[in-house]
Every structure is written in C-alpha cells, then in structure tokens.
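**Q** Here you go, one structure.
The values are calculated or read from the model by the stated rules, or taken from the named source; none is laboratory data. Fair warning: this is a prediction, and the values are worked out from it, not measured in the lab. Backbone-built Cβ (ideal geometry, glycine too); neighbour counts: all protein chains shown. SASA here: full protein model, heavy atoms, side chains in, ligands and nucleic acids out. Shrake-Rupley method; radii C 1.70, N 1.55, O 1.52, S 1.80 Å.
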Amino acid sequence: MKKLLALLLAIAMVLSLAACFGPTDPTEPTDPTNPTNPTDPVDPGISEEAKYGGHLDFCVYAKPTRLDPAKATGTWYYMYTNLVYEAPLTRDAEGNIRPNVCNFELSEDQLTLKLWVREGLKFHDGSPVEIEDVVASIQRAVHKSPREFVAGYIQDVKIEDGVATITFKEYAEKTMYYIASVNPLIGVMPKEIAEEYSNESGNFIVDVADAIGTGPYKFTELVDSVSVSVARFDDYIPVEEGYTGYAAPKKAYLDTITFHANTEASTSTLALMDGQYDLFADCPVDFAAQLQAAGIKTLKKTQTTGNVFFMNTRGNGVTANVNMRKAMMAAIDIPEFVSYMTDGEFTKGGFCPAVDEVYYTDVFEKADYMGEDNVALAKQYLAAAGYKGEKVQLALGSAYANVATLLADYFTAAGINYEVTMLESGATKDFYTDKSNAWDIYYTAPSLNNTPTLLSATIMNDDYLGAEKDALLKELQGMVVGSEEYMNKWYELANQMVDDCAVVFLHPVNVEWAFHGDFNLEYDGISTYLFNSYWTNPANHGK
C-alpha cells in the first residue's frame, strides 16, 4: 500500500488532478528570505492615497449563479458576498463581537440585544440604512440555520427612536453567531427587498438590481456560471480604527474586482502565469518552479476548513449500517491518504472537528477504525454488517478524482465493491442536497468553526441522522459555551460521533495563494480581506 503514494505522486503532473485545497501543518515555518514564499504580506510603505485604484481578476473554484447572501454560501462564494453584504454585527480576529452595520448593547445573559445603525450609512442604491431594514433582514433569515436559531428564537422586537430592542426566548450560541458573523448569511438589505425575497416567497436574489447591500463594494454584473463583478462603493463609511480582523476598517482600495469561475487547477495556474488572472488559490505543487520563474508570489495561510469524509446515514443505503461505515474507514490508510491530499504534510492531532484547541479530544484519532489500513478489522466490520457484496456509491466532484483512485484501491483490498460517480465541477452541492440521489460516501473540505455548537448543519444534521446525537446536540446548544457542563456534554457528544462514524474529520486545510509581484494580499487571522488588498502600482492594473 505504501508504494501507492509514491506512484500517485509521480503521475500527478500528467493527470493534473489537483484538489481544490492544499492542507498543511499550520506550524510549519516559512523562509522569510524567499520572496516567493513570504511569511506575511509586506507593506512597502505606500501611502493610503496611492493604494487606491486598479482592477483585480480573481480566479475562484465556484460558478456564480446567485447574489443572495443566504444562498451564495461556501468558501469561494463568501469571497464576494462579504464584500457586498454585511451582517448587523461582526467579530474581530479573537472572536469578540464588534460593531458592523450597527452599534449594539448585549445583556449578560445574551437574551436582550439593542441595535442602532452607525451614523451616515447608506445602501448601494443611495438610500439611508434604517433600523427597520436591519430588523427585516434579521427576520428574513432564509438560510436554514439562521432561520432556526435567530428568527425562530426571537420573542419580541420593539423599535423606538432608531433603536431596536430584540428579546430572545432562550439562550443559544448560534443566535449571536449568525447576527455577528464574518460570513453574512444575514446580510443587511433594504426592508422591501428582504420582504420580497422572504423565506415564504421561495425566491432568491439573482438580479444585480436587487442585490443591494451596505458593504464597501457593490455588484455590477453577474454572468451566470462564468463571473461576477463588483465596484467600490464610494459612499461607504468604515468603522473607526481600533479593531482587528473583519471588525477592522474596510478601505476598499481596489476600484473593481471580477471573480472568474475556473474549477480546473492546472489551466487556472497557467492563466495566472499568462496574466489572465491576478490572484488564485490553490495552485498544484507541480507548478512551483514555473510560478517562481514567472515572478508569482505564493503565500500559505491557514483556513478554517478541514478534510472530511461524510457518510450517508439516511434511508436504506449501504452506509445506513454503522458497521459498514466503520469497515470502510478501517480499510482506508488515513496517514497515507491525508499525506497525499496535503502534499506530504500530514500531522497527527488534526482529527478534532472543533478548531479551537480548548475542545480538542483524542477520542477521534483513537477510534479503532482510524490509522493505517487494517484489512482484517475492515472484514470483521463487514461481517458484523452482514455485507453481501452490495456496491458502495462513491460520488465526487471532478476536482477530487484522485480521491476516487485512492479509495478504489483501499476498498478493493478489503473486498468492498464500489461504484464511482464523477460530478461536473460546481454540481456537487446540488447533487448531495437532492435527497433522491443515491450516494454512500463522499470527501470534501467544509468550513469548520471554533466551538462544537457552531459546527455546520451540513456536518451535524443533513446526512448524519441519529436520535442520541440529536439529543446530545440539543442539550449542548442550550449550555453556556466553555462552562463545565458544556465541556462534559461535548465529550459525551464526541464519543457518540466516534461510535456513529458518520462524519470523519481528517486534517485542517491551508491554502496557498498565488499572485503577481506587485499585489499586496491582506490577511489577518480569519480569512482573506480583499477589501483591504491593493496594488503597489495600481496604474498598471486598469480594467
């Protein structure tokens, strides 16, 4: 089995089967003397005035089809939605709640929230932002998680003298998480738009004319599945200096940005070197020498995403049987698999789904089905599952074709029959959310969060069904984060997740950004801040 890794690495350039993300060890030191791999963006001392101007062509791994902050979700969609839309509140790099569209007061028990709009704020259509717009945007809550934990938790709303006082029925960490999120699922928009595109309407924003936010950029064009463009909103008023992360002032140095959809890593990298794109993540490692020769900088930074296997526990599929799920995981050589997916940079200790080290528990990596391939154990679980040779349905996006190659070898060695369905790039989300489609296991890199109660609904609810898990999660969501009872309940839930083997976390993800030499990519603790990125020679980068 160990020869497989070397073989796959040798043919990687020929096949060009690079994954969308390149995870690595976040503690790995970088060489500050190497200009193609700096430790951090370098500010060359350019004045604020000189930073303004220029166009950016950004290549992303997602096909834009919607402009709705509640539906254009995921790592690559957030790259443009969080330029245009803003949540009522936001968080700094340390996770503290800070002003955004609104200033605020939050009671100690987090059951009463007062909001009032920052002075002078306007929407992209020029109309003033009123507190009624903010409340309507919160109440809209189209996305399922905010609809449950925000709109569903509101007991009363009173508006008086420009101040909204919102009272919640009970405590839930997710309530304030979505109101003060760095990725604005609850994006503030005009009241009439929020009402027109309410949850009850079943409609989502696709028209640029209706995609009206409060952010430092506004939408100018959507070419369905091809590109989306934004331009600086000159009337934007940043928050005052003093905060970090997404709570810091948004300067919007770039004049315009176009996000181009290209889900094929090799052609995207070649286009970057040819000057068609200015910014791209994540280039295949095979192109490192060519990138350096072309004067392309690379910058590796940690993302709050992780390598994950999902099992389908719904219905009568093969993986509805827990022993079958454990058999498949036992058959996989986890260190080898992750090493290949991370370009050989696998480290232990990354199996915990909560990225904050406070919640680390080794129960995930100590599960008997984790570790190196164990054919004997896999066959024991197959026997316990009553396996009769049914085919495991493996469905993957085309960017993860290498995953199919790896899993096929592991499953064959353990005597597990399988069938592979390769999906067109960008079609995976619709495929998996359509409950009528047949699949048993897939691999992806979803967004993770700091605490267990913030793990996404996709991870904990959609395909991972279990009454005991649901009961534990509900109890956890009603407890004060970090308290002794919370921690005890989390450890109980973690053990249940291991027993269920429905979601298996493998490794944190890092992304290596690649960009032209005179571009300064702003990065500060959470994600990439395109609104504060700039060219050092903006005159050379007109649209």
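**Q** Over all directions, the average projected area of the alpha-carbon convex hull for the range 175-304 comes to how many nm²? Kindly include the intermediate steps, with their values, before the conclusion.
**A** Values: hull surface 43.8 nm².
Result: a mean projected hull area of 11.0 nm².
**Q** What do the square roots of 5 times the Cα gyration tensor eigenvalues come to for the range 469-543, in whole Å, largest first, as semi-axes of the equivalent ellipsoid?
**A** Working: eigenvalues 402, 50, 19 Å².
Output for the range 469-543: semi-axes of 45, 16, 10 Å.
**Q** If the reach is capped at under 26 angstrom between alpha carbons, list the lysines near residue 489, excluding any in the same chain fewer than eight residues apart.
**A** Cross-link targets: 144, 169, 174, 326, 348, 366, 469, 474.
**Q** Take the alpha-carbon centre of the range 221-236, take the same for the range 94-147, and report the distance between them in whole Å.
**A** Cα centroid of the range 221-236 versus Cα centroid of the range 94-147: 23 Å apart.
**Q** Note down the nm distance, to one decimal, between modelled labels 7 Å out along Cα→Cβ at residue 420 and at residue 356.
**A** 4.0 nm
**Q** Name the residue from 246, 79, 315 whose Cα lies farthest towards the positive end of the charge dipole of the chain, charges +1 on Cβ of Lys and Arg and -1 on Cβ of Asp and Glu.
**A** So the residue we want is 315.
**Q** Send over a whole-number figure in Å² for the accessible area per residue of the chain, probe 1.4 Å.
**A** Per residue, the chain has an accessible area of 40 Å².
**Q** Roughly what % antiparallel, to the nearest 5, for the DSSP beta bridges in the range 54-174?
**A** Numbers: 19 of 19 bridges.
Taking every DSSP beta bridge within the range 54-174, about 100 percent pair in antiparallel fashion.
**Q** Sticking with this one: Debye sum, Cα scatterers, the chain, no solvent: what log₁₀ I/I(0) at q = 0.11 1/Å?
**A** The Cα Debye sum returns log10 ratios of -1.04.
**Q** In nm, what is the difference between 0.36 nm times the number of residues separating residue 390 and residue 274 and their Cα-Cα distance?
**A** On the way: separation 116, 0.36 × 116 = 41.76 nm, distance 4.81 nm.
Stretched fully, the residue 390-residue 274 segment lengthens by 36.9 nm.
**Q** So how much accessible area does residue 339 have, in Å² to the nearest 10, using a 1.4 Å probe?
**A** 20 Å²
**Q** Could you calculate the FRET efficiency of residue 375 with residue 201 from 1/(1 + (r/R0)^6), where r is the beta carbon distance between them and R0 is 45 Å, rounded to 0.05? The partial results should precede the final answer.
**A** Details: r = 53 Å, r/R0 = 1.18.
Between residue 375 and residue 201 the formula returns 0.25.
**Q** So for the range 289-447, taking the charge dipole from beta-carbon charges (+1 Lys/Arg, -1 Asp/Glu), which of 295, 394, 367 sits furthest toward the positive end?
**A** Going by the Cα projections, it comes out as 394.
**Q** After finding the eigenvalues of the alpha carbon gyration tensor for the range 137-250, what semi-axes result from the square roots of 5 times each, listed largest first in whole Å?
**A** Values: eigenvalues 128, 82, 40 Å².
Sorted largest first and rounded, they come to 25, 20, 14 Å.
**Q** Still on this structure: When all protein chains stay in place, what accessible area (Å², nearest 10, 1.4 Å probe) is found for residue 325?
**A** Number for this one is 20 Å².
**Q** Holding the Cα-Cα limit at 22 Å, pick out from 71/158; 158/191; 122/218; 51/122 the pairs that are longer than that.
**A** Values: 71/158 28 Å; 158/191 16 Å; 122/218 12 Å; 51/122 24 Å.
Beyond 22 Å: 71/158; 51/122.
**Q** Check which residues have an amide H placed less than 5 Å from residue 421's amide H, if you skip close sequence neighbours.
**A** 394, 395, 396
**Q** Based on a Kirkwood Rh over C-alpha pairs, give the Stokes-Einstein translational diffusion coefficient of the range 86-170 at 10 °C and viscosity 1.306 mPa s in µm²/s.
**A** Details: Rh = 13.5 Å.
In µm²/s, the coefficient rounds to 117.
**Q** Largest first, how would 381, 359 line up by accessible area (1.4 Å probe)?
**A** Per-residue accessible area, sorted high to low, gives 381, 359.
**Q** Next up: In the range 67-203, what percent of the accessible surface is made up of carbon and sulfur (1.4 Å probe, ligands and nucleic acids excluded)? Each step should come with its number before you reach the end.
**A** Numbers: 2170 of 5350 Å².
Solvent-exposed carbon and sulfur of the range 67-203 make up 41 percent of the total.
**Q** Right, next: With a point put 7 Å past each Cα toward its Cβ, work out how far residue 456 is from residue 156 in nm, to one decimal.
**A** Between residue 456 and residue 156, the simple spin-label model gives 3.7 nm.
**Q** To the nearest 0.05, how large is the calculated FRET efficiency for residue 266 and residue 225 if R₀ is 22 Å and r is the Cβ-Cβ distance? Numbers along the way, then the final one.
**A** Details: r = 20 Å, r/R0 = 0.91.
It comes to 0.65.
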